[in-house]
Amino acid sequence: MTSLKGKTVFITGATRGIGREIALRCARDGANIVVTGKTSEPHPKLSGTIHTVAREIVAAGGAALAVQLDIRDADAVAAAVEQAVAEFGSIDCLVNNASAIALTGTLDTPVKRLDLMLGVNLRGTFVCSQACIPHLRKAANPHILTISPPLNMKPRWFKDHVAYTMAKYGMSMCTLGMAEEFRASGIAVDSLWPRTTIATAAIEVHFPEAILRASRKPAIMADAAYAILNRDSRKATGNFYIDEDVLRAEGVTDFEQYAVTPGAKLYPDPFLD
């Protein structure tokens, strides 16, 4: 039986949605969770703070360190990583979950929004990975897992929201390059993406309500991430996993448990063929 008990998992964007669900799933093993995010005080429109999630982690059986963090700030990221190591003694897994989104065309994307997406998605993933890798090298079964889509250079994935696609593909390119760069170090570097839309704040804000109802719960991504983080890092790296495929390989057959609306036709994720 594999377990994350006593392992330290550093998660970006862990205050809600997929990041929070991954944190709680790992916590049930007794893992140490570094909860990072920008929300430290209650937000009028968004649920969750780093502190509320930390309390949930402890209640689920894990240990928690809440760190307010803007992952675009390299110095702040380095300090957060050192704080985590001082608190728990190691970093065993990094989950690059934090992401900014704007599904807009070229003329409708302000440069400020472009900078935000590139800064959080691409730069943030690179900076967090860079800061954690020296510690991951010391871990027994180290993983970097990034929530980003498989690379697909067909124009259809770019034409409606080229800025967002570039930013998300930047995350995936980190996976592609770092997996090979650190293969000899035994660090698994993989990406995970959903088969269907996931009921997160991003879907609620940027898509019609009908799509939200036709989505799956974030728990499916958390269960898939948990399975990946328990795999042998020297045997499974450089993969662009799909949540449903990961869980089928783990023997899961009941996917209705993840549906927001059981029995409803699911809305496929727009980044997958």
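The values are calculated or read from the model by the stated rules, or taken from the named source; none is laboratory data. As the structure is a prediction and not an experimental result, all values here were calculated from the model. Backbone-built Cβ (ideal geometry, glycine too); neighbour counts: all protein chains shown. Protein only, heavy atoms only, side chains kept; ligands, DNA and RNA dropped before computing areas. Shrake-Rupley method; radii C 1.70, N 1.55, O 1.52, S 1.80 Å.
A few points about this structure:
- Computed per residue of the chain from DSSP H runs no shorter than four, each worth -39500 (n - 2.57), the mean residue ellipticity at 222 nm is -11500 deg cm²/dmol.
- Under-5 Å amide H pairs with ILE11, H placed in peptide plane, nonlocal only: VAL34, THR36, VAL95
- With θ taken as phi - 60° and the Karplus curve 6.51 cos²θ - 1.76 cosθ + 1.60 applied, the whole-hertz 3J(HN,Hα) list for the range 16-27 is 6, x, 5, x, 4, 5, 5, 4, 5, 5, 5, 4 Hz, x standing for glycine and proline.
- Among beta bridges that DSSP assigns inside the chain, antiparallel share in %, nearest 5: 5 percent
- Accessible area expressed per residue, the chain, with surrounding protein chains retained (probe 1.4 Å, Å²): 45 Å²
- Cβ-placed point charges (K, R +1; D, E -1), dipole of the range 88-184 about Cα centre in debye, nearest 20: 100 debye
- Its alpha carbons give the chain an Rg and a Dmax of 17.4, 52 Å.
- Loop-resident sites, the range 18-78, for trypsin sites (Lys or Arg not before Pro), counting at most 10 other Cβ within 10 Å (DSSP): LYS45
- The count of lysine pairs in the range 20-169 that are at least 8 places apart or cross chains, and whose C-alpha atoms lie under 21 Å apart, stands at 6.
- Total charge dipole magnitude, the range 1-134, about the Cα centre, Cβ charges on Lys, Arg, Asp, Glu only, Debye to nearest 20: 340 debye
- Of all accessible heavy-atom area on the chain, the percent that carbon and sulfur account for (1.4 Å): 55 percent
- For ARG195, residues with placed amide H under 5 Å, excluding near neighbours: ASP243, GLU244
- Computed magnitude of the charge dipole of the chain (debye, nearest 20; Cβ of K, R +1, Cβ of D, E -1): 120 debye
- Cα pair distances exceeding 24 angstrom across the range 1-150, given as percent: 29 percent
- With eigenvalues of the C-alpha gyration tensor scaled by 5 and rooted, the range 116-187, Å: 26, 13, 7
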